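Written out below as structure tokens is the structure these notes cover.
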Amino acid sequence: MFDKTGVATPEMVEKVLPSIERRQKGPYAVFECFQQIPCNPCSTACAFGAVAAFEDINHIPSVDHESCTGCGRCVSRCPGLAIFIVDETYSDTEATIKIPYELVPLPAEGQVVDAIDRAGEVVGKARVIKVQNSKALNKTNVITIAVPKEQAQIVRHIGLEG
Ligand code: SF4
Ligand code: SF4
């Protein structure tokens with residue numbers, strides 16, 4: 001499926017998630033980088049040593065989730081828009097997801113938007129919690145959204161039509 005559609009399967013995503021115990025401790029990065037490409041900014045962006053130095057620039061990233069603080073610095077540095085920060089401890093009912101976002105216009109904080117999955121399908125609604133769009137982010141804005149907790153590993157994009 002991935003080869004034809006470019007859409008990661010749930011099994012592929014499961015393999016890049018931290019342990020259940022780590023997921024319950026706070027925000028963590030999900031690296032949905034599944035293809036070997038000559039790219040490594042994620043490793044140099046991380047100040048916590050959570051992304052191993054690349055022995056070969058074509059390798060896919062190796063992430064130590066115990067060292068990852070969920071700071072989000074790597075999100076805007078990834079040219080593949082492949083890194084998300086998920087916080088399943090946000091509230092009893094909601095998780096937050098930081099997503100890279102390069103479209104305009106930007107959403108407003110507090111706005112309710114369409115929640116979109118990896119395949120581009122609208123799967124519900126999301127609430128915009130924070131919009132980060134400083135020059136330091138290298139033109140890749142970072143949008144934090146809140147979604148129902150059960151959609152923490154499903155929603156990966158937003159649409160402003162809603
Ligand atoms: S979220 Fe922060 S600590 Fe985690 S991998 Fe990215 S830059 Fe490193
Ligand atoms: S910067 Fe992004 S696309 Fe490049 S290797 Fe890291 S996760 Fe993959």
If we keep only residues of the stretch 34-63 that are within 8 Å of ligand 2 (Cβ to nearest atom) and not in a loop (DSSP other than H, G, I, E, B), then the residue farthest from residue 78 (Cα to Cα) is 51
Open item on the list: Is it the case, given these coordinates, that residue 13 is outside any loop (DSSP other than H, G, I, E, B) and out of contact with any strand residue (DSSP E or B) (no Cβ under 7 Å at 6 or more places or on another chain)?
Closed with: yes
Residue 121 passes all but one of the listed conditions (1) open to solvent by 10 Å² or more (accessible area, probe 1.4 Å); (2) under 29 Å from residue 19 (Cα atoms); (3) touching a residue at least 12 places away in the same chain (Cβ under 8 Å); the exception is number (3)
Requiring at least 1 residues that are more than 21 Å from residue 7 (Cα to Cα), the strands (runs of 3 or more DSSP E) wholly within the stretch 71-162 are 83-87, 94-101, 112-117, 122-132, 141-148
Over the stretch 36-48, the set of residues surrounded by fewer than 16 Cβ atoms within 10 Å (Cβ to Cβ), over 23 Å from residue 7 (Cα atoms) and more than 8 Å from ligand 1 (Cβ to nearest atom) is 44
Those residues of the stretch 78-95 which are within 12 Å of the chain's Cα centre (by Cα) and open to solvent by 40 Å² or more (accessible area, probe 1.4 Å) amount to 80, 81
Query raised in the report: Residue check: is residue 115 buried (at least 20 other Cβ atoms within 10 Å of the Cβ) and either β-branched (Val, Ile, Thr) or closer than 20 Å to residue 9 by Cβ (or both)?
Result: yes
Only one of 116, 99, 129 is under 22 Å from residue 72 (Cα atoms) and touching a Phe, Trp or Tyr at 6+ places or on another chain (Cβ under 7 Å), namely 99
Item to check | Meets criteria (among the hydroxyl-bearing types (Ser, Thr, Tyr), crowded, with 20+ Cβ neighbours inside 10 Å and either in contact (Cβ under 8 Å) with a residue 12 or more places away in the chain or more than 23 Å from residue 38 (Cα to Cα) (or both)) for residue 144 | outcome: yes
Log entry, pairs with first residue in the stretch 36-60 being aromatic (Phe, Trp, Tyr), second being open to solvent by less than 60 Å² (accessible area, probe 1.4 Å) and not in a loop (DSSP other than H, G, I, E, B), beta carbons closer than 8 Å, six or more apart or on different chains, reads 54/43
When every residue in the stretch 14-35 that is in contact (Cβ under 8 Å) with a residue 24 or more places away in the chain and under 19 Å from residue 59 (Cβ atoms) is compared, the one surrounded by the most Cβ atoms within 10 Å (Cβ to Cβ) is 29
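The values are calculated or read from the model by the stated rules, or taken from the named source; none is laboratory data. Worth saying up front: this structure is predicted, and the values here are computed from it rather than measured. When we count neighbours, we look across all protein chains shown, and the Cβ atoms used for this are built from the backbone with ideal geometry, even at glycine. Side chains are part of the model used for accessible areas, which takes the heavy atoms of the whole protein and leaves out ligands, DNA and RNA. Shrake-Rupley method; radii C 1.70, N 1.55, O 1.52, S 1.80 Å.
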